[in-house]
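The values are calculated or read from the model by the stated rules, or taken from the named source; none is laboratory data. Remember, it's a predicted structure, so these values are computed and weren't measured experimentally. A quick note on method: Cβ atoms are made from the backbone with ideal geometry, for glycine too, and the neighbour counts reach across all protein chains shown. For accessibility, only protein heavy atoms count, side chains too; no ligands or nucleic acids. Shrake-Rupley method; radii C 1.70, N 1.55, O 1.52, S 1.80 Å.
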Amino acid sequence: MPGDRPALHTETDRWTDGDKHTVQIYLPIAEVSVNAFLLLGLGGLVGILSGMFGVGGGFLITPLLFFVGIPPAVAVATSANQIVASSISAVLAHLRRRTVDIRMGIVLLAGGLVGAAIGVWVFNILREMGQVDLLVRLSYVLFLGVIGGLMFVESVNALLNSRSGKVPKRRRHNWIHALPMKMKFRTSGLYISVIPPVLVGVFVGVLAAVMGVGGGFVMVPAMIYLLGMPTKVVVGTSLLQIIFVTAFTTLLHATTNYTVDLLLAVLLIVGGVIGAQIGTRMGGVLRAEQLRVLLAALVLLVCGKLALDLLLRPSELFSVAGAGQ
Amino acid sequence: MRRAALVLILLLGPLPAMAEELVTGLSRNRVSISANFEGSEILIFGAVKRESPIEPGPTGIIVTVEGPKVPLTIRRKDRVGPIWINDAAMEVDAAPSFYAVNTSGPFDEILNHVDDLRQAITVHRAIRAVGVVETVPDPSAFTEALVRIRGRADLYQTNIGAVTVREDTLFDTSVSLPANLVEGIYTARIFLTREGTVISSASSAINVQKVGLERFLYNLAHEDPLVYGVMSLAIAIAAGWGASAVFRYF
């Protein structure tokens, strides 16, 4: 092509392809260029949290990706894909240590699928009413605040009691044990009705669909406090359910919005799966109360950040988005 | 160089009475976005061809490069009760995804208001010219914000004095395209002005496109979304399993 490489090309090539050895990588779907190591690091961080606490980390990775400059739609869809990977990595590690209650996981998942379907329906109604974004943020702050606060108080008390040598009280029989359709969950050491786990599953499914998260944050405390499952089993079981929810979300986004960026996902995944393994080990070293205190602190931290975002005057009042977003 | 330049040129409105004509060229008319794309620089150069002696009055050269236009929404946060929420929103029918304007001097010396309106040369005009739907009382604050936000990302640039002119005849400038580039056909326009009036202009196209892996992934995601989605999941599952298997030995 005569016009392709005209006379001055040598000079321009020197300017553009010069000696800069940065690790910027151009993402084909997001259409932005970002630092590859930064993404590996983000993936790793979220993977550690995931393996340790049994949360997917969607609540954390998505805002971090916004901050790096990834368009919101791509960030939401791609982080779901990454969470599939880090959850699988962590669940396999938990399976080896026999800390996954597969039967409980299936029951929760069954409820979760029903809940997700209801959630999508609710979400569409909310969107027609407008201000869905605000509602999602407010419900985030509310849920995280309440759950984090309760959990923090409870786990700090438990920690103090165990330090002073008091024997923890035996779990009381509450209304949950009076329900019919009892089932044995051997790994959790429970013999309870299937109704509460199914309801927890439905509730988390609704939240997951409306808020766009895996729901680990609500699931973990619900399993500990409502169902009375041991903390160590909760983490692996929550992750088992998250795998299916996020895999479904990934497929949905890929086929309807074309917003899964595979290159971005791969970078996050490499960091994530390694982080998940490290996190699982770290979680194994900690005591149950310590794990709960840390998770509660993390929940409160995220809640505080979201609340500040709503309350403080932003430095840039304006934002630009593609049409219809 | 001259031959190459002539091949590239697409002269705009060559009026018969025109005494001065622009002869222009680009260092490249194709930008390939590969995985390690870090931005690109395009050199735009040319000469003023005259059949008669130079006319009196100061001359100016303005070069613009414009990316594909897309519709977008600009939102403003407002305080409602104790919290800040997205409140007012303005739809822009089509705003360039990239816009650079390089000049040989300050706008008030080389470009008058009428020709700016007509040709949509300055950044603000380039947005406004395409018809902003006025749904808010102060649309200019919104377009200001768009220019400011995109300016921070080097997507909208105004480079006063970036065009070098020699002997009122030869000129050259370079436009740097940032790494955050959207693919599509970009248009370079070159204007020759005298006493603020555009007396000649030229334009040519620059094809910006993804290549290699980027091209493959983008096409697959849009043409075969199910295959793409399943592939994404397969990679996630394989990576999760792989890491677990490797860490078993530690």
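Once backbone amide H atoms are built at 1.01 Å from N, B:Arg28 has B:Leu43 as its partners under 5 Å, excluding neighbours fewer than 5 places away on the same chain. Compute the FRET efficiency between B:Leu226 and B:Ser34 as 1/(1 + (r/R0)^6), taking r as their Cβ-Cβ distance and R0 = 22 Å, and round to the nearest 0.05. So the FRET efficiency works out to roughly 0.25. For B:Ala205 and B:Glu144, the FRET efficiency from 1/(1 + (r/R0)^6), where r spans their Cβ atoms and R0 equals 30 Å, is about 0.50. Label positions at A:Met183 and A:Val153, each projected 7 Å from the Cα along the C-beta direction, are separated by 3.2 nm.
Just to verify a number: FRET efficiency for A:Val146 and A:Ile125, C-beta to C-beta distance, R0 = 35 Å, to 0.05? Given R0 = 35 Å and the Cβ-Cβ separation, E is 0.90.
Derived scalar couplings between HN and Hα for the range B:137-152 equal x, 10, x, 5, 5, 6, 5, 3, 4, 4, 4, 5, 5, 6, x, 5 Hz in order, rounded to whole Hz, by the Karplus curve 6.51 cos²θ - 1.76 cosθ + 1.60 (θ = phi - 60°), x for Gly and Pro.
In degrees between 0 and 90, to the nearest 10, how far off the longest principal axis of chain B does helix B:225-247 point, with axes built from Cα atoms? With both axes taken from Cα atoms, the answer is about 60 degrees. With 0.36 nm allotted per residue and the present C-alpha distance subtracted, the A:Asn35-A:Ile102 stretch has 20.3 nm of extension available.
Hey, in the GNM for chain B with a 10 angstrom Cα cutoff, which one of B:Ala239, B:Ala89, B:Ala202 fluctuates hardest? Evaluated over chain B, the most mobile residue of the options is B:Ala239. Sequence-ordered 3J(HN,Hα) estimates for the range A:181-189 from the Karplus curve with 6.51, -1.76 and 1.60 and θ = phi - 60° stand at 6, 6, 9, 8, 10, 5, 4, 7, x Hz, glycine and proline given as x. The order of B:Leu170, B:Leu43 by accessible area, most exposed first and with a 1.4 Å probe, is B:Leu170, B:Leu43. A compact globular protein would have a Cα radius of gyration near 2.2 N^0.38 Å; the ratio found for the range B:60-160 is 1.19. Prolate is the label for the protein assembly as shown. Its Cα gyration tensor axes, ordered a ≥ b ≥ c, give a/c of at least 1.5 and a/b above b/c. Principal-axis analysis of the Cα atoms of chain B puts helix B:212-223 at an angle of about 70° to the longest axis. The alpha carbon gyration tensor of the range A:265-311 gives principal lengths a ≥ b ≥ c with a/c of 1.5 or higher and a/b no greater than b/c, which makes the shape oblate.
Computed from backbone phi, the HN-Hα couplings of the range A:50-57 come to 4, x, 7, 10, x, 9, x, x Hz, rounded to whole numbers (Karplus: 6.51 cos²θ - 1.76 cosθ + 1.60, θ = phi - 60°; Gly and Pro given as x). Residues whose amide H falls under 5 Å from that of B:Ser40, counting only those 5 or more places apart or on a different chain, are B:Leu177, with hydrogens built in the peptide plane. Per-peptide packing, taken as the mean over residues of other Cβ atoms within 10 Å, places B:211-219, A:33-41 in the sequence A:33-41, B:211-219 from highest down. Modelled spin labels at A:Leu135 and A:Leu199, positioned 7 Å past Cα toward Cβ, are 2.3 nm from each other. Each of B:Glu109 and B:Trp241 was given a label point 7 Å from its Cα along the Cα-to-Cβ line. The distance between the two points is 6.9 nm. For B:Ile33, the amide hydrogen comes within under 5 Å of the amide hydrogens of B:Gln209, B:Lys210, B:Val211, counting only partners 5 or more places away or on other chains and with H modelled in the peptide plane.
Ligands, DNA and RNA aside, B:Thr164 has an accessible area near 60 Å² when probed at 1.4 Å.
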